[in-house]
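Here the structure is laid out as structure tokens; the discussion comes afterwards.
Read the figures in this text as sums done on the coordinates, not as results from a lab. In this text, all values refer to a predicted model and were calculated from it rather than measured experimentally. For neighbour counting, all protein chains shown are included, and Cβ atoms are generated from backbone atoms with ideal geometry for every residue, glycine included.
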Amino acid sequence: MEDRAQTLVRKMVTNIYYPHPASIIDVKEETPDIKTFTLSFKDEEIHNRFTFRPGQFVLLSVLHCGEAPISICSPPTFSKGLELSIKKMGRLTGEVHRYSKGDEAGLRGPYGNGFPLEELCGHDLLFVGGGIGLAPLRSLVEYVLSNRSDFGEVTVLYGARTPADLVFRDDLAAWAGKEDLNVMITVDRGDSEWKGEIGPVTHLWKKATIYPSTTKAIICGPPVMISFVVSDLLKMGFNEDDIITTLERHMKCGVGKCGHCSIGSKFTCIDGPVFTYRQLKELQ
Ligand SMILES: Cc1cc2nc3c(=O)[nH]c(=O)nc-3n(C[C@H](O)[C@H](O)[C@H](O)COP(=O)(O)OP(=O)(O)OC[C@H]3O[C@@H](n4cnc5c(N)ncnc54)[C@H](O)[C@@H]3O)c2cc1C
Ligand code: FES
């Protein structure tokens with residue numbers, strides 16, 4: 001039987017309220033202002049015990065800067081550590097962008113509800129991502145690929161401002177090569193080498209085959225993109241419960257205590273960040 005000291009240690013290492021030290025084991029430059037960091041918990045027990053659902057996030061802590069919520073963009077099966085794709089926005093993310101292999105940060109979590117995997121099961125899936133919004137979707141797309149027979153038709157529509165702003169290029173190329181995944185990419189402005197689609201992500205509707213009655217749409221991107229996408233999906237006949245999005249709100253505690261992330265009667269950090277369109281409509 002576990003003695004008191006062992007219980008205390010177990011509670012400490014699994015406590016989601018404490019930031020745990022993690023080492024940066026890889027850094028990948030995605031775009032001029034987005035890098036993907038792979039972090040591994042220094043404590044092997046925490047590393048081994050850490051589990052999450054696609055769509056959940058961690059609070060990343062950086063000395064002298066504080067904490068920032070960041071979605072986990074790797075799939076739950078990725079065993080090297082956690083991948084976090086981070087856009088340089090301000091003080092904390094700017095500091096993280098100076099980090100290289102071997103540097104350390106703190107991580108606590110996982111937090112949030114994550115995507116409703118059980119409800120997605122058995123459906124066609126339509127992913128619509130914009131810019132860095134592909135980060136939480138990537139975790140779910142990889143999960144779906146690992147459990148492919150549980151889902152119907154899967155389509156990924158992704159848009160970025162320019163070809164240089166496309167994230168996860170290797171994954172997009174690998175996904176595009178799969179017979180059981182439809183991938184379409186567009187940019188707002190092309191360049192001399194770009195031979196692909198030009199226009200907002202909604203411009204891809206006419207290329208994609210979408211079955212509103214059997215499909216769950218999962219959207220993440222800038223708020224303006226989300227609102228255009230949702231409006232078009234409703235016009236196509238999507239049920240409000242089948243439109244799922246993940247929200248970005250200012251957060252402090254991440255655990256439902258401080259009220260910073262409130263939206264109506266809910267807290268984005270514990271009730272979200274994943275909500276259906278129907279839930280959001282009722283909250284606002
Ligand atoms: C659940 C969740 C998941 C997120 N996942 C990611 C992710 O995977 N990758 C990523 O790069 N970013 C993500 N973000 C946004 C990220 O947390 C902010 O960009 C970060 O906190 C900015 O910190 P900063 O100190 O660098 O910027 P600050 O100096 O604090 O602010 C710079 C600018 O960013 C805006 N900003 C700050 N925090 C947020 C926020 N939480 N939401 C929206 N705008 C904000 C400020 O209004 C300001 O305009 C996520 C946010 C949430 C709530
Ligand atoms: S971040 Fe404190 S309540 Fe959500």
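Return the sequence-ordered ³J(HN,Hα) values of region 254-265 in whole Hz as given by the Karplus equation 6.51 cos²θ - 1.76 cosθ + 1.60 applied to θ = phi - 60°, using x for Gly and Pro.
The phi angles translate into x, 10, x, 9, 8, x, 4, 9, 5, 9, x, 8 Hz.
Can you give me the three principal axis dimensions of region 149-214 from its C-alpha atoms, in Å, biggest first?
Principal-axis extents of region 149-214 (Cα, largest first): 39, 24, 16 Å.
State the antiparallel share, in %, of DSSP beta bridges confined to region 117-246, rounding to the nearest 5.
Working: 0 of 23 bridges.
Around 0 percent antiparallel, to the nearest 5.
Hey, what do the phi angles of region 267-280 turn into as Karplus ³J(HN,Hα) couplings, whole Hz, using 6.51/-1.76/1.60 and θ = phi - 60°, x for Gly and Pro?
Result, rounded to whole Hz: 10, 4, 6, 10, 7, x, x, 8, 9, 7, 4, 4, 4, 5.
Once the Cβ-Cβ distance between residue 191 and residue 146 is put in as r, and R0 is 30 Å, what FRET efficiency do you end up with, to the nearest 0.05?
After rounding, the FRET efficiency stands at 0.30.
Roughly speaking, what is the stretch gain from residue 231 to residue 198, that is 0.36 nm per residue apart minus the C-alpha to C-alpha distance, in nm to one decimal? Write down the numbers at each step before the final one.
Numbers: separation 33, 0.36 × 33 = 11.88 nm, distance 2.06 nm.
This chain segment gains 9.8 nm when fully extended.
When only C-alpha pairs under 8 Å and at least 6 residues apart count, what is the relative contact order of the chain, in percent? Working shown, then result.
Numbers: 560 pairs, mean separation 48.6, N = 284.
Averaging sequence separation for qualifying contacts and normalising by length gives 17 percent for the chain.
Just to check I understand the Karplus step: with θ = phi - 60° and J = 6.51 cos²θ - 1.76 cosθ + 1.60, what whole-Hz values come out for region 21-35, glycine and proline as x?
Once rounded to whole Hz, the list reads x, 9, 9, 7, 9, 7, 9, 10, 7, 8, 9, x, 10, 10, 10.
Taking the chain, how much of its Cα-Cα pair set, in percent, is spaced more than 35 angstrom apart? Each step should come with its number before you reach the end.
Numbers: 6868 of 40186 pairs.
Value for the chain (Cα pairs over 35 Å): 17 percent.
Between region 256-276 and region 24-80, how far is it from one alpha carbon centroid to the other, in angstrom?
22
Test of understanding: what is the full-extension gain from residue 44 to residue 88, defined as 0.36 nm times their sequence separation minus their Cα-Cα distance? Show your work: numbers first, answer last.
On the way: separation 44, 0.36 × 44 = 15.84 nm, distance 2.96 nm.
Taking residue 44 through residue 88 to full extension adds about 12.9 nm, to one decimal.
How much of the DSSP bridge set in the chain is antiparallel, in percent, rounded to the nearest 5? Intermediate results must be reported in sequence, preceding the final value.
Numbers: 33 of 56 bridges.
Bridges in the chain that DSSP calls antiparallel: roughly 60 percent.
Placing +1 on the Cβ of each Lys and Arg and -1 on the Cβ of each Asp and Glu in the chain, which of 238, 154, 24 has its Cα farthest towards the positive end of the resulting dipole?
Towards the positive end, the residue furthest out is 24.
For region 117-246, what does the alpha-carbon gyration tensor say about shape, rounded, prolate or oblate, given a ≥ b ≥ c as the root eigenvalues, a/c under 1.5 as rounded, and a/b over b/c as prolate?
Working: a/c = 1.74, a/b = 1.27, b/c = 1.36.
The shape class here is oblate.
To the nearest 20 debye, what is the magnitude of the charge dipole of region 189-235 about its Cα centre, counting +1 on the Cβ of each Lys and Arg and -1 on the Cβ of each Asp and Glu?
Working: 6 positive and 4 negative charges, 37 e Å.
It comes to approximately 180 debye.
In what order do 229, 96, 183, 255 fall by count of nearby beta-carbon atoms within 10 Å, going from fewest to most? Let's see the in-between values first.
Numbers: 229 26, 96 22, 183 19, 255 16.
Ranking 229, 96, 183, 255 by Cβ neighbours within 10 Å, fewest first, gives 255, 183, 96, 229.
Dipole of the chain, Cα-centred, from +1 at each Lys and Arg C-beta and -1 at each Asp and Glu C-beta, to the nearest 20 debye?
Values: 32 positive and 36 negative charges, 138 e Å.
Roughly 660 debye, rounded to the nearest 20.
Normalise the Debye intensity by I(0) for region 4-111, one equal point scatterer per Cα, no solvent, then take log10 at q = 0.13 Å⁻¹ and round to two decimals.
Relative scattering, expressed as log10 I(q)/I(0), comes to -0.45.
For the pair residue 65 and residue 209, what calculated FRET efficiency results from E = 1/(1 + (r/R0)^6), where r is the Cβ-Cβ distance and R0 = 41 Å, to the nearest 0.05?
With R0 = 41 Å, the Cβ-Cβ based efficiency is 0.35.
Quick check on the exposure proxy: order 115, 78 from fewest to most C-beta atoms within 10 angstrom. Walk me through the numbers before you get to the answer.
Details: 115 23, 78 14.
The most exposed by this proxy come first: 78, 115.
Please compare each pair in 207/281; 42/216; 88/266; 35/252; 178/252 to a cut-off of 32 Å on the Cα-Cα distance and tell me which ones are over it.
Details: 207/281 29 Å; 42/216 38 Å; 88/266 28 Å; 35/252 23 Å; 178/252 40 Å.
From the list (207/281; 42/216; 88/266; 35/252; 178/252), the Cα-Cα distance tops 32 Å for 42/216; 178/252.
For 17, 277, which order do you get if you count the other beta carbons within 10 Å of each Cβ and list the fewest first? Before the final figure, lay out each step's value.
Details: 17 11, 277 21.
Least crowded to most crowded, the residues run 17, 277.
Which order, highest average first, do 190-201, 120-131 follow once you tally other Cβ atoms within 10 Å for each residue and take the mean per peptide?
Working: 190-201: 12.7, 120-131: 21.4.
In decreasing order of mean packing, 190-201, 120-131 become 120-131, 190-201.
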